[in-house]
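The numbers here are math on the coordinates, done by the rules we state, and not lab data. Everything quoted here is computed from the prediction, not taken from an experiment. Quick reminder, even Gly has a Cβ in these numbers, built from the backbone with ideal geometry, and neighbours come from all protein chains shown.
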Amino acid sequence: MGKMKTNKRNKVLHKKIGGNQNTKPAAVALSKAYFGDSALASLIGEVVALFHRLRIVSEQIHRQGEMTSGKRGVLGSLDRFGPQTVPEMARARPVSRQYIQTLVNQLMDEGLVEFIKNPTHKRSHLVRLISKGKELLDSMIRRETELLSRLKLDIPEKALRDGAGVIKAVRELFESKQWKELLKEEGV
């Protein structure tokens, strides 16, 4: 079996395969170890590895400092869907209400969002993106679009759309009644 190696720059574990210089992201190796060699396990491992790589890419693009991917996600959600409560934002992600509350508080301290009265709930205020937050988000999107448009990707657009469709179908499977019933049967 190969050695485990830590890349100090991005703290991603890689497993050396057969002593050569090819490395496999830890997420891919772990998904194979836990789920076997199935096509679904391979897809899950690659999606997890891509998720972690995209976090690093985001840091590289924005030299983020204090603008974490979590805060950027909250800004994007408010821009796309309008004012929301903290619990609504948390339910839309696999994170806790407390985590979103921490991000929102930081964004408010930075003058990027504000709390407004919620006409449907006395205690749970709505969080709204304000102009400074919108300007920051727009500049981040412009920077991402400019850089990504210069990437040479040798994958046809149809293949990318097909891949997105496969990932969507798998995500929806894990959100489905079938999955919830399976978990219930297993006592999870």
Exercise. Once you sort the root eigenvalues of the Cα gyration tensor of segment 66-138 as a ≥ b ≥ c, which label holds: rounded (a/c under 1.5), prolate (a/b larger than b/c) or oblate (the other case)?
Worked result: oblate
Problem set entry | segment 66-138: relative contact order as a whole-number percent, Cα under 8 Å and 6+ apart | 36 percent
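Only Cα pairs under 8 Å and at least 6 apart count here; give the relative contact order of segment 63-105 as a rounded whole percent. The partial results should precede the final answer.
Numbers: 20 pairs, mean separation 16.6, N = 43.
It rounds to 39 percent for segment 63-105.
Which order results if Met140, Met89, Met108 are arranged by neighbouring Cβ count within 10 Å, fewest first?
Details: Met140 18, Met89 22, Met108 15.
Starting with the residue having the fewest Cβ neighbours, the order is Met108, Met140, Met89.
Give me Ile167, Ile100 ranked fewest to most by other Cβ atoms within 10 Å of their Cβ, as a rough exposure proxy. Present the calculation step by step, with values, prior to reporting the outcome.
Working: Ile167 14, Ile100 25.
Ordered by Cβ neighbours within 10 Å, fewest first: Ile167, Ile100.
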For this session: Could you go through segment 136-149 in sequence order and give the Karplus-derived ³J(HN,Hα) for each residue, using 6.51 cos²θ - 1.76 cosθ + 1.60 with θ = phi - 60°, rounded to whole Hz, and x for Gly and Pro?
Result: 5, 4, 4, 5, 5, 5, 4, 5, 4, 4, 5, 5, 5, 5
Exercise. Between Ser124 and Asp162, 0.36 nm times their residue separation minus their Cα-Cα distance comes to what?
Worked result: 9.7 nm
For this session: Per residue of segment 166-173, in order, report the coupling 6.51 cos²θ - 1.76 cosθ + 1.60 (Karplus, θ = phi - 60°) as ³J(HN,Hα) in whole Hz, putting x for Gly and Pro.
Result: 5, 4, 4, 4, 5, 4, 5, 4
For this session: Enumerate the amide H contacts of Thr85 below 5 Å, restricted to partners 5 or more residues apart or on another chain; note that Pro and chain-start residues carry no placed amide H.
Result: Val127
Seminar exercise, completed: Put in order of increasing Cβ neighbours within 10 Å, starting from the fewest, Arg55, Arg171, Arg63 give Arg63, Arg171, Arg55
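Would segment 123-180 count as rounded, prolate or oblate if I go by the C-alpha gyration tensor, calling it rounded below 1.5 in a/c and otherwise prolate when a/b exceeds b/c, oblate otherwise? Mind showing how you got there, number by number?
Values: a/c = 5.43, a/b = 1.10, b/c = 4.94.
Oblate shape, in that a/c is at least 1.5 and b/c is the bigger or equal ratio.
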